[in-house]
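One structure below.
The values are calculated or read from the model by the stated rules, or taken from the named source; none is laboratory data. Note that this is a predicted model, so its numbers are computed, not measured. Backbone-built Cβ (ideal geometry, glycine too); neighbour counts: all protein chains shown.
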Amino acid sequence: MSKIIKEREYQMNRRAFFSKSATGIGVAALSNLLGGCNLFDKSENGIFTQKNNLQGILDAPHFAPKAKRVIYLFQSGGPSQLELFDYKPMLNQRRGEELPDSIRNGQRLTGMTSGQDSFPMVGSQFGFSQQGANGTYMSDLMPYTSKIVDDLCIIKSMHTEAINHDPAITFFQTGSQQPGRPCMGSWLSYGMGSMNDNLPTFTVLLSRGTGRKFGQPLYSRLWGNGFLHSLHQGVQFRSGKDPVLYLKDPDGIDRVSRRKMLDHIAELNSKQLEEFGDPEISSRIAQYEMAYKMQTSVPDVVDITKEPDHIYQMYGSDSMQPGTFAANCLLARRLAEQDVRFIQLYHMGWDQHENLPTQIAGQAKDVDQATAALIMDLKQRGMLEDTLVIWGGEFGRTNYSQGTLTDTNYGRDHHPRSFSIFMAGGGVKPGVVYGETDELGYNIVKDPVHVHDFQATMLHQLGIDHEKMTYKYQGRRFRLTDVHGKVIKDLIA
């Protein structure tokens, strides 16, 4: 009777049907099921073993890459471009005047300001000065970053479609405002695979700023694999003695015992893989193996106590406090040295709806020195040329005050229509300012850059044609840039 029931289960199981109808079809088609990821070799005894170098779906880049890796310093909450990068003296001259309807032009507002009767314009109360060989205007809030402006490619004409935090961050990270798509790091893992044997392809580090400490939360799906195989999800590193949860062996388990256990599990999983051809089984095997290797590699890479004093001085005193933005920047450099392909830092606290002057001063101080130090550190090690560093948030801030404007205080609401980010290294042009907004800092008047354009340009620097790296899911071929986006060639050196 049990045999009859088992056969019935097989008949109802689509994967089992294909496995039984053509012996070994799951194994033969495994590479295709994994989207071309050539992850495993089959030994004589039939057990699958992980290869040393995990290859992506692309046998080779579409063209010669200028960058090998990305360090993305994501500033969560929406930094105000008007206080940091986009100098608009006209806003100071017209302080307190109503935003003209011709400038706003019926733009959608958030629920936080849609009920306001007045939209008084307000310029930055912080000074700007010209820096670098080209006299680029930089805010006094970013003195360290100002010193390296000749290494930066500043885009002042970014724009997005989302006006609220969660869809806007999701849009930047996944190319869609709706949850469920793979994020940038997962796409790169899928397309290009790993450059090292002992660390994840894609790592995530979080820090909380002093600006608005308990502002917008972040969700783990932002570094999720979406509909790609779970092998491609980001691995979060935490501050403290256990940087990666559940990595340590329990008491009473030594390395020899762990190795034997993993071998037995791999054998069982391999049999399941042969029988069902489920690609998630192969991902599970790979994840077990990676976790085993990370038990020795992670403690070494996160141990920054061996860094010389001059490095701590370069990154600032916060770099000695685990979990701060500065410490994460230093750790990002160490991960980059170990050839981690995509390193994502999220720094929270940029959502200045009120008390902006005080909050943004603290928030900028959190990141300024460490950002500049990371870029200089990579440069002095000869790594900046093949490491693309990105700094920016999900949208900008309005040129009018949210709430009451006073002589010393104001806030700014979300503004998706124009904002600023910058990049450095990785084959982008240094010392360049691209794009322009109107004299009131509200609308783009020159060289707009959409989120998908930014994503397409990032992939281009890694040697990827954004239209050709796709994944078929539910009958449709998806890509990071969805259905549009173009490479901004004027940004490329």
Next on the checklist: If I filter the range 291-310 for residues that are crowded, with 18+ Cβ neighbours inside 10 Å, of a type in the set (D, E, K, R) and either in contact with a Leu (Cβ under 7 Å, 6 or more places away or on another chain) or outside any loop (DSSP other than H, G, I, E, B) (or both), do I get at least one hit?
Outcome noted: no
Item to check | Scan of the range 151-167 for residues that are closer than 27 Å to PRO430 by Cα and not in a loop (DSSP other than H, G, I, E, B), ordered by number | outcome: ASP151, LEU152, CYS153, ILE154, ILE155, LYS156, SER157, MET158, HIS159
Checklist entry - Residues that are touching an Asp or Glu at 6+ places or on another chain (Cβ under 9 Å) and polar (S, T, N, Q): which strands (runs of 3 or more DSSP E) entirely in the range 336-442 hold 1 or more of them? => result 419-424
Checklist outcome for this item: Only unsatisfied item for GLN236, checking (1) out of contact with any strand residue (DSSP E or B) (no Cβ under 6 Å at 6 or more places or on another chain); (2) surrounded by 14 or more Cβ atoms within 10 Å (Cβ to Cβ); (3) at pLDDT 70 or above; (4) not in a loop (DSSP other than H, G, I, E, B), is (1)
Next on the checklist: Checking ASP490 against (1) over 18 Å from the mean Cα position of the chain (by Cα); (2) under 30 Å from GLN359 (Cα atoms), only one condition comes out false. Which one?
Outcome noted: (2)
Checklist entry - Does ASP386 meet the test of being surrounded by fewer than 21 Cβ atoms within 10 Å (Cβ to Cβ) and farther than 28 Å from SER319 by Cα? => result no
Checklist outcome for this item: All conditions in (1) closer than 29 Å to LEU206 by Cα; (2) β-branched (Val, Ile, Thr); (3) surrounded by fewer than 21 Cβ atoms within 10 Å (Cβ to Cβ) are true of ILE103 except (1)
Checklist entry - Restricting the search to the range 381-438, which residues are at pLDDT 95 or above and among the charged types (D, E, K, R)? => result ARG381, GLU385, ASP386, GLU394, ARG397, ARG412, ASP413, ARG417, LYS429, GLU436, ASP438
Checklist entry - For the range 39-124, which strands (runs of 3 or more DSSP E) that fit wholly inside it have 2 or more residues that are touching a strand residue (DSSP E or B) at 6+ places or on another chain (Cβ under 6 Å), of a type outside the set (Asp, Glu) and modelled with pLDDT under 95? => result 40-42, 48-50
Checklist entry - Are any of the residues in the range 151-165 closer than 27 Å to GLY316 by Cα, at pLDDT 95 or above, crowded, with 16+ Cβ neighbours inside 10 Å and in contact with a Leu (Cβ under 7 Å, 6 or more places away or on another chain)? => result yes
Next on the checklist: Quick check on my filter: what residues within the range 168-203 are among the polar types (S, T, N, Q) and not in a helix (DSSP H, G or I)?
Outcome noted: SER176, GLN177, GLN178, SER194, ASN196, ASN198, THR201, THR203
